[in-house]
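The values are calculated or read from the model by the stated rules, or taken from the named source; none is laboratory data. What you see is a predicted model; the values in this text were computed from it and never measured. Here Cβ is always computed from backbone atoms with ideal geometry, including for glycine, and neighbour counts include all displayed protein chains.
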Amino acid sequence: MAPPTRAGDYPFAPVDRVNAELFTLTYGAIVRQLLTDFEEVEEVNKQLDTMGYNIGVRLIDDFLAKSNITRCSEFKDTAEVIAKVGFKMFLGVSATVSNWSADGSECSLILDDNPLADFVELPDTCQGLFYCNILCGVIRGALEMVSMRTEVKFVKDMLRGDDAFEIRLKLLEQVAEEYPYKDDE
Amino acid sequence: MASTACFVIVSRNDCPIYESEVGTAPKKDEAAHLHQFILHASLDIVQDVVWTTNAMYLKLVDKFNDLLVSVYVTADTHTRLMLLHDSRNEDGIKNFFQEVHELYIKMLLNPLYVPGSRITSPFFDTRVRTLARKYL
Amino acid sequence: MIGVGRSKQNLNVVDRPLGKGKTEVSLSAFAFLFSELVQYNQTRVDNIAELERRLEDAGYAVGIRMLELLCHREKGNRRETRLLNILSFVHSTVWKSLFGKVADSLEKGTEHEDEYMISEKELLVNRYISVPKDMGAFNCGAFVAGVVKGVLDGAGFPARVTAHFVAVEGQPRPRTTILIKFSEEVLQREARLG
């Protein structure tokens, strides 16, 4: 199937929607619980990433079904799809892809608007918290299901005073998809 | 602007979560303590008035010599905005309360803020003082 | 860096306008998040009661905030001081804002004077989650019970709020009833106000 020329042109089926305040406050309640359950902010970042991963591995089917996208084999196209279609479909905002590394294995997703962070101000006790870290896990989990092993992390965070949210995406390994059941040995 | 004005937000268990002296009179510690004491003493009256009206702005609820106590209770009835002042300016006070209430909602919506805990944001403090200069 | 000061200022919550509550995200984004909330909390508890209590706590944090926000935005800064009014606020205003519709019903308990029930044929949080058999009567509605408790408690109407499945004749799936049992002080005050 020929890929559309621009990633943003992918049509997707209308999706059921829910009040963003419910979503934002529920996410906030989760972060609050984690901060209570774990003393170290580092551990909270890790837990958020794990939760995101769990979501990502399940969300990919929903995404592929609703977006009419078969599968992207190129990392470059994949990044565009996440930014323009994925974020738009689930969170109602879109991201920009930029800062590609020379070898094309790393790029950044840049978000100016992020419904997870509405209302949030980091108190002094939470310095070091990547409040929206769940997003990294979601992307990592979803990509793993389409055979891309990645490292995903925040490098800029508006809640920490940066001018945007920047998620760094690094492709570590791409498993050839044609032979999903191949035995290595 | 009022020469004496002391503003306090009181939360659950009558715990103050924010306070500032916002009048033009020189700041004195003993005066500040007295002001807080007077405001605290009015809480019982507020408790009675609060169930007799749907309005958040309860207007004047108490006085102490020439000092007056005006109160505004938010939707969460535990949150009481209290102002001790020495000049009558009902509309100004109402506007002040309403705008501080909106600021308070923004503080409260922050999931990392625990309802009923102290408001420590310097941005909030700066804004409250600006509103006091504008309206009181 | 140029520009950082400006954007940082944009970020202070006090400078951001309160939204009108019209922004939306996809329902599946919420469903995934909510199911992760449930699964995470399952790993932190030994029994169902504890799990429900933790979900209730999470909901409470949402409810106490929505009370303040909605009274400001939808009610023009009027407080609810009477029991039936606050119940109708929950059943209509809160439900409509959070779940996009008013609740299916609001009824007074037939056996106890201090009990009220808000029922929903298919509560948003139960729509995508099927409870494993070994979890018995566990109801994700505990989260919504927490929301209701947060609203009521904040407004000065402390109550015990719980979520229950109730079988409906002729329907394959049970509905969820949020049972509200008000504290004695609330009923005494109501009686006093006449």
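Within the range B:21-51, count every residue that is among the small types (Gly, Ala, Ser) and surrounded by fewer than 16 Cβ atoms within 10 Å (Cβ to Cβ). Step through it out loud before you land on a result.
If we filter the range B:21-51 for residues that are among the small types (Gly, Ala, Ser), which is where we start, we get B:23, B:25, B:31-32, B:41-42.
Filter once more, keeping what is surrounded by fewer than 16 Cβ atoms within 10 Å (Cβ to Cβ): B:25, B:31-32, B:41.
The total comes to 4.
Quick one: would you say residue A:44 is within 18 Å of the chain's Cα centre (by Cα) and not in a helix (DSSP H, G or I)?
Values: within 18 Å of the chain's Cα centre (by Cα): yes; not in a helix (DSSP H, G or I): no.
The answer is no for residue A:44.
For residue C:91, state whether it is away from chain B (no Cβ under 14 Å) and either surrounded by fewer than 20 Cβ atoms within 10 Å (Cβ to Cβ) or charged (D, E, K, R) (or both). Explain how you work it out, then say what you get.
Working: away from chain B (no Cβ under 14 Å): yes; either surrounded by fewer than 20 Cβ atoms within 10 Å (Cβ to Cβ) or charged (D, E, K, R) (or both): no.
No; evaluated as a whole, the condition is false for this residue.
Give C:186, C:161, C:168 a once-over and let me know the one that is touching a helix residue (DSSP H, G or I) at 6+ places or on another chain (Cβ under 6 Å), aliphatic (A, V, I, L, M) and in contact (Cβ under 8 Å) with a residue 40 or more places away in the chain.
Working: C:186 fails: touching a helix residue (DSSP H, G or I) at 6+ places or on another chain (Cβ under 6 Å); C:168 fails: touching a helix residue (DSSP H, G or I) at 6+ places or on another chain (Cβ under 6 Å).
Matching residue, one of C:186, C:161, C:168: C:161.
Only one of these is farther than 16 Å from residue C:151 by Cα, more than 14 Å from chain B (Cβ to nearest Cβ) and at pLDDT 95 or above: C:33, C:51, C:27, C:37. Name it.
C:51
Just give me the residues in the range A:81-126 being more than 20 Å from residue C:25 (Cα to Cα), part of a helix (DSSP H, G or I) and not polar (S, T, N, Q), in sequence order. Please lay out each step first, then the result.
Of all residues in the range A:81-126, those more than 20 Å from residue C:25 (Cα to Cα) come to A:97-108, A:121-126.
Restricting the remaining residues to those that are part of a helix (DSSP H, G or I) gives A:124-126.
Within the range A:81-126, A:124, A:126 qualify.
I need the full set of residues from the range A:148-171 which are in a loop (DSSP other than H, G, I, E, B) and polar (S, T, N, Q), in order please. First the steps, then the outcome.
Initially, the range A:148-171 is screened for residues in a loop (DSSP other than H, G, I, E, B), giving A:157, A:161-164.
Once the filter is applied, which keeps residues that are in a loop (DSSP other than H, G, I, E, B) and polar (S, T, N, Q), the range A:148-171 yields nothing.
Any residue that is in a strand (DSSP E or B) and crowded, with 21+ Cβ neighbours inside 10 Å - is there at least one of those in the range A:131-147? Give the derivation first.
Step one: of the range A:131-147, the residues in a strand (DSSP E or B) are none.
No, because not a single residue in the range A:131-147 is in a strand (DSSP E or B) and crowded, with 21+ Cβ neighbours inside 10 Å.
What number of residues within the range A:34-79 satisfy the criterion of being away from chain C (no Cβ under 13 Å) and either touching a residue at least 40 places away in the same chain (Cβ under 8 Å) or of a type in the set (Lys, Arg) (or both)?
Residues that pass the stated criteria total 14.
Pick from the range A:6-25 the residues that are more than 19 Å from the chain's Cα centre (by Cα) and more than 14 Å from every other protein chain (Cβ to nearest Cβ): which of them is modelled with the highest pLDDT?
In this case the residue turns out to be A:11.
When you check residue A:49 against the structure, is it over 15 Å from the mean Cα position of the chain (by Cα), within 23 Å of residue A:172 (Cβ to Cβ) and charged (D, E, K, R), yes or no? Reasoning before the result, please.
Details: over 15 Å from the mean Cα position of the chain (by Cα): no; within 23 Å of residue A:172 (Cβ to Cβ): yes; charged (D, E, K, R): yes.
So residue A:49 does not fit the description; no.
Please go through the range C:177-187 and give me each residue that is more than 11 Å from residue C:109 (Cα to Cα) and surrounded by 11 or more Cβ atoms within 10 Å (Cβ to Cβ), ordered by number.
Filtering the range C:177-187 down to residues more than 11 Å from residue C:109 (Cα to Cα) leaves C:177-178, C:182-187.
The answer is C:177, C:178, C:182, C:183, C:185, C:186, C:187.
Out of B:57, B:104, I need the residue that is buried (at least 16 other Cβ atoms within 10 Å of the Cβ), aromatic (Phe, Trp, Tyr) and under 30 Å from residue C:192 (Cα atoms). Which one? Give the steps one after another, and end with the answer.
Details: B:104 fails: under 30 Å from residue C:192 (Cα atoms).
Checking each option against the conditions leaves just B:57.
Quick test for you: out of A:168, A:160, A:149, pick the one residue that is at pLDDT below 95 and on the phi < 0 side of the Ramachandran plot.
Values: A:168 fails: at pLDDT below 95; A:149 fails: at pLDDT below 95.
A:160 is the lone residue from the list that is at pLDDT below 95 and on the phi < 0 side of the Ramachandran plot.
Could you check how many residues of the range C:119-155 are in a loop (DSSP other than H, G, I, E, B) and without any contact (Cβ under 8 Å) to a residue 60 or more places away in the chain? Let's see the steps before the verdict.
To start, the set of residues in the range C:119-155 that are in a loop (DSSP other than H, G, I, E, B) comprises C:121-123, C:127-132, C:136-141, C:155.
Keeping just the survivors that are without any contact (Cβ under 8 Å) to a residue 60 or more places away in the chain gives C:121-123, C:130-132, C:141.
So the count comes out to 7.
Going residue by residue through the range C:121-141, is there one that turns out to be away from every other protein chain (no Cβ under 14 Å) and in contact with a Lys or Arg (Cβ under 8 Å, 6 or more places away or on another chain)?
yes
Please pick out the residue among C:165, C:143, C:157 that is at pLDDT 95 or above and touching a strand residue (DSSP E or B) at 6+ places or on another chain (Cβ under 7 Å). Spell out how you get there, then give the answer.
Numbers: C:165 fails: at pLDDT 95 or above; C:143 fails: touching a strand residue (DSSP E or B) at 6+ places or on another chain (Cβ under 7 Å).
Every option except C:157 fails the conditions.
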